[in-house]
1. Just checking, which of L169, L204, L219 is out of contact with any Phe, Trp or Tyr (no Cβ under 9 Å at 6 or more places or on another chain) and assigned to a strand (DSSP E or B)?
2. Taking the stated definitions as given, is L174 modelled with pLDDT of 90 or more, in contact with a Pro (Cβ under 7 Å, 6 or more places away or on another chain) and within 20 Å of P190 (Cα to Cα)?
3. Of the conditions (1) in contact (Cβ under 8 Å) with a residue 12 or more places away in the chain; (2) surrounded by 13 or more Cβ atoms within 10 Å (Cβ to Cβ), A175 satisfies every one except a single condition; which number is it?
4. Anything in region 418-473 that is closer than 23 Å to Y326 by Cα and of a type in the set (A, V, I, L, M, F, W, C)? List them, or say none.
5. Could you list all residues from region 708-743 that are more than 20 Å from A697 (Cβ to Cβ), open to solvent by less than 30 Å² (accessible area, probe 1.4 Å) and of a type outside the set (A, V, I, L, M, F, W, C)?
6. Can you find a residue that is within 26 Å of D124 (Cβ to Cβ), hydrophobic (A, V, I, L, M, F, W, C), open to solvent by 60 Å² or more (accessible area, probe 1.4 Å) and touching a helix residue (DSSP H, G or I) at 6+ places or on another chain (Cβ under 9 Å) anywhere in region 209-217?
7. Could you please find all residues in region 775-788 being more than 18 Å from R361 (Cβ to Cβ) and open to solvent by 10 Å² or more (accessible area, probe 1.4 Å)?
8. Restricting attention to region 624-638, which residues are out of contact with any helix residue (DSSP H, G or I) (no Cβ under 6 Å at 6 or more places or on another chain) and either without any contact (Cβ under 8 Å) to a residue 12 or more places away in the chain or surrounded by 21 or more Cβ atoms within 10 Å (Cβ to Cβ) (or both)?
Amino acid sequence: MLGKGLDRLVGVVMDHNRIVVVVLLLLTAGIAMGATELNTNPDTDDSDALGDTEVAQKQAYIEDRYAADGRGEEVQLNESERLARTRSKTVYVHEPGGNVLSKASLLRTLRFQRTLRDDPAVGDLLDGRGRIDGVATLISSRVAGDGNATLDARIDALDETPASEVELLVSETLADESVATAYMPDDYEPGATTAESRRIEVRLAADGDTELAAARPQLQRADQRVYRNARAVTGSDYFTLDSHAFDRASTQQTNNTFQLIVPIALAIILAVLAFVYRDLVDILVGFTGVVVSVLWMFGILGWLQVPANAAIIVGPVLIVGLSVDYGLHVFMRYREQRQAATTERGVASTHDDGIRPSMFRSLRNVAVALALVTVTTAVGFAANLTNDFSAIRGLAVGISVGVVGSFVVFVTLVPALKIGIDGLLERLGLDRSKRPLGDGRVIRPLLLGGVGLARRAAPAVLVLALVVGTVGAGAWFSLDRQGIQQQQGEVAEWKQDLPDPIGWDRPDAYRHSDFVDEAYRSDRFSDYDRSQILVQGPVTDPGTLDQLAAAESQLRESEVFYRAGDRRSIASPLAAIEELAARDERAAARLDKADTDGDGIPDRNLDAVYDALYEVAPEQASNVIERTDGGEYASLRMIVLVKEDATLDERATAMQAAADRIEADSDLTATAVGRGTIVEAESIQTAKSILETLLIALVAVFVMLMIVYRVAEGSASLGAVTVLPIVLVTALLVGSMFLLDIPLTFVTALLVSLVVGLGIDYSIHISDRFAQELDDGTDPHAALERAVTGTGGALLGSTLTSAGAFTAILLHPNPQIRSFGTLVVLALTLSFLVSVYVLPSILLLWHRHVRDASAAIESRLPDAVTSD
């Protein structure tokens with residue numbers, strides 16, 4: 001059914017090529033308009049991706065059951081509602097080489113404040129509890145002589161004050177131990193009248209009578225207007241570090257990616273196509289198909305409103321590579337057909353009996369293989385729709401759509417253009433017969449190496465491949481795993497020096513963030529962080545507090561433990577009990593009765609111990625002990641200070657070891673919750689998601705190919721054989737990641753789909769061609785030769801172009817994206833080598849032990865039936 005449908009499509013393209021070209025170009029124009037609607041600033045949140053992990057569930061449990069600051073539940077709820085109606089923003093003022101404490105700069109800030117108050121979205125939220133604080137506010141109030149003076153009065157007063165007096169007021173206002181110095185950077189010397197940076201605090205507050213549902217969007221609009229008004233200030237660099245700034249940076253990164261990487265990828269492809277085709281017309285026609293395919297992808301994504309994030313750069317590069325592959329197979333098979341027609345006649349074929357019939361036969365021969373490649377590639381990437389990360393799901397949709405679009409373009413528009421142009425040129429007396437790539441004197445012997453190995457030692461080749469693949473797959477458990485966080489690398493100066501529009505400008509948000517991290521480090525960083533352990537189960541059992549004491553002792557001896565001097569480094573039920581005993585003699589006496597062995601740790605009647613703590617210090621107790629409405633005790637919490645400079649792995653290891661110590665020899669369950677364990681959970685989830693995607697993709701492709709080959713070739717086993725090289729390539733890639741020390745991240749998760757999607761392309765073309773040659777009566781060795789030389793040349797060209805296109809990704813500043821590009825180049829190379837040097841042995845063994853055996857059985861069936 002598939003073959004008949006494609007035959008009808010090919011017939012329409014051949015008979016009405018001019019109409020097909022016009023219709024497809026008009027359709028392209030309409031689809032391409034959707035690219036203008038492309039959402040390059042998606043509102044994606046992958047926090048739910050980790051919501052089903054134990055760590056995430058326990059973190060949510062802690063946030064729900066415990067007061068973060070130790071206050072009671074009622075106070076906490078009232079405070080939460082109040083905070084939900086307020087929002088604070090920091091606006092930074094930076095004048096490199098200038099003076100943000102000059103009269104002119106202070107006036108500029110006051111006028112910026114007036115702009116905010118005049119903005120309808122912001123002004124209403126600055127009345128009442130809302131306000132703007134900063135050095136300019138303090139100094140202008142002193143100049144006006146009235147702390148309640150209006151903003152206009154303060155602007156006029158400051159404007160009329162001599163610069164020398166303003167300078168004196170600055171020195172007095174920013175004197176040592178003045179609260180005003182909080183608005184200055186770390187290196188500011190109190191009393192100094194010059195500085196390159198300061199900050200402004202903007203507090204937005206919705207009216208207390210406003211419903212929470214209405215207050216949130218009101219605050220969001222005002223928040224965005226503060227960001228935009230800050231960017232509009234001239235004469236100084238006013239900026240915020242919020243979601244709006246980083247959303248703009250994300251959009252800029254995406255634009256940088258497309259403007260630098262895509263043109264370079266296209267230039268590399270053009271250079272490779274020049275080598276492969278060695279014909280200007282074929283280069284131009286094939287390249288036209290590539291451009292149209294990319295336009296279709298972005299246009300369809302735009303019309304469907306599929307979000308395009310930074311990872312979407314993989315999409316066009318992949319579509320470019322796949323489109324080139326389609327074109328190579330169509331053109332090289334067309335060249336084979338024309339060469340065969342010339343050989344049969346002994347003379348060059350004419351326009352009437354050469355171009356259209358040759359293109360018709362070539363499309364009929366490759367259309368089914370291209371359709372299979374399209375479906376399997378789309379399935380490989382569609383498997384990512386089960387991925388937990390929204391960025392991967394969006395990319396899966398984009399690539400699946402793009403692959404289907406490429407197939408349509410290269411079985412309709414490109415062949416129609418090709419026969420039209422070739423026909424015109426031959427009527428002008430130019431011979432358009434060209435030699436296929438795999439038939440060259442240099443390339444042909446290289447391609448036939450795998451066939452020679454298959455003839456001499458097919459079993460040995462298969463065994464060696466399985467051994468190497470098994471070793472590679474075993475490296476999976478040794479791969480370094482990272483979560484969804486992505487580190488942004490430095491942008492090389494030469495990329496920034498390129499002329500617009502391809503110059504790679506580092507987004508302002510990253511530059512501003514680096515500046516603030518350095519200039520205001522004391523506000524943004526401390527030398528410790530917090531981790532927690534949640535203890536659940538029978539927390540009133542006699543040995544519970546002994547278990548906690550053992551875990552605390554273990555933590556204090558660990559390398560990550562932060563010793564806070566006069567501050568407690570651990571907040572826990574034990575710490576609360578110790579404080580209670582120190583300040584309340586009656587409570588201390590009750591605690592002594594609960595301690596049977598005299599070690600200072602209660603080990604009986606823990607219900608009474610917890611009751612005493614809640615009775616004397618309820619706020620402190622509620623911070624570390626969970627009591628239900630029924631008066632029962634459900635969980636305990638331990639809060640631990642850990643060193644900020646300890647790695648996340650070290651934190652996770654130490655905290656998990658302490659949790660394990662609590663669980664040892666008890667019925668308690670303890671879960672470590674902190675940045676280290678959260679990232680560890682992300683890593684586990686990433687690996688799990690990748691493995692699921694791989695299995696789904698392989699099973700889907702395996703089943704589909706078995707069904708298709710059973711219907712088309714009468715042999716489901718050929719479909720199974722075709723999938724084996726992909727499994728081998730995937731295993732080899734895992735081994736390569738281990739050897740190259742490339743971590744397993746959510747970005748490299750894309751690689752699994754790419755290996756299945758692109759790698760199956762190589763196998764399908766050789767298997768399909770081998771089956772066609774066998775059906776034509778060719779012996780298996782000759783069939784392998786024709787399959788490898790006829791298809792291998794196109795595969796070589798496809799490998800060179802696709803690998804070249806992905807080489808451009810190595811220019812990306814993100815190390816994860818660069819690692820991905822490295823692995824893709826390696827995956828494409830391995831896919832080609834396995835298809836040309838290993839698959840022939842697999843196909844020959846399949847022919848000997850499966851196809852021949854099946855044919856022998858079928859040949860005996862009529863006799864058996866007759867004898868019955």
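1. Values: L169 fails: assigned to a strand (DSSP E or B); L219 fails: assigned to a strand (DSSP E or B).
None of the other options fit; the residue is L204.
2. Details: modelled with pLDDT of 90 or more: yes; in contact with a Pro (Cβ under 7 Å, 6 or more places away or on another chain): yes; within 20 Å of P190 (Cα to Cα): yes.
In short, yes.
3. Among (1) in contact (Cβ under 8 Å) with a residue 12 or more places away in the chain; (2) surrounded by 13 or more Cβ atoms within 10 Å (Cβ to Cβ), the lone unmet condition for A175 is (2).
4. Passing the criteria: I419, I421, L437, I443, L446, L447, L448.
5. Result: S715, P743.
6. Taking region 209-217 as the starting set, the residues that turn out to be within 26 Å of D124 (Cβ to Cβ) are 209-217.
Checking which are hydrophobic (A, V, I, L, M, F, W, C) leaves us with 212-215.
This time we only want the ones that are open to solvent by 60 Å² or more (accessible area, probe 1.4 Å), so: 213.
Imposing the further condition that a residue be touching a helix residue (DSSP H, G or I) at 6+ places or on another chain (Cβ under 9 Å) reduces the set to none.
Scanning region 209-217, I find no residue that is within 26 Å of D124 (Cβ to Cβ), hydrophobic (A, V, I, L, M, F, W, C), open to solvent by 60 Å² or more (accessible area, probe 1.4 Å) and touching a helix residue (DSSP H, G or I) at 6+ places or on another chain (Cβ under 9 Å), so the answer is no.
7. Correct list: D779, P780, H781, A782, E785.
8. The first filter runs over region 624-638 and keeps only residues out of contact with any helix residue (DSSP H, G or I) (no Cβ under 6 Å at 6 or more places or on another chain), leaving 627-632, 634-635, 638.
Once the filter is applied, which keeps residues that are out of contact with any helix residue (DSSP H, G or I) (no Cβ under 6 Å at 6 or more places or on another chain) and either without any contact (Cβ under 8 Å) to a residue 12 or more places away in the chain or surrounded by 21 or more Cβ atoms within 10 Å (Cβ to Cβ) (or both), region 624-638 yields T628, D629, G630, G631, E632, S635, M638.
The values are calculated or read from the model by the stated rules, or taken from the named source; none is laboratory data. Note that the coordinates shown come from a computational prediction; the quantities given were computed from them, not determined experimentally. Neighbour counts are summed over all protein chains in view; Cβ atoms, including those assigned to glycine, are modelled from backbone coordinates with ideal geometry. Calculation scope for accessible area: heavy atoms of the full protein, side chains included, ligands and nucleic acids excluded. Shrake-Rupley method; radii C 1.70, N 1.55, O 1.52, S 1.80 Å.
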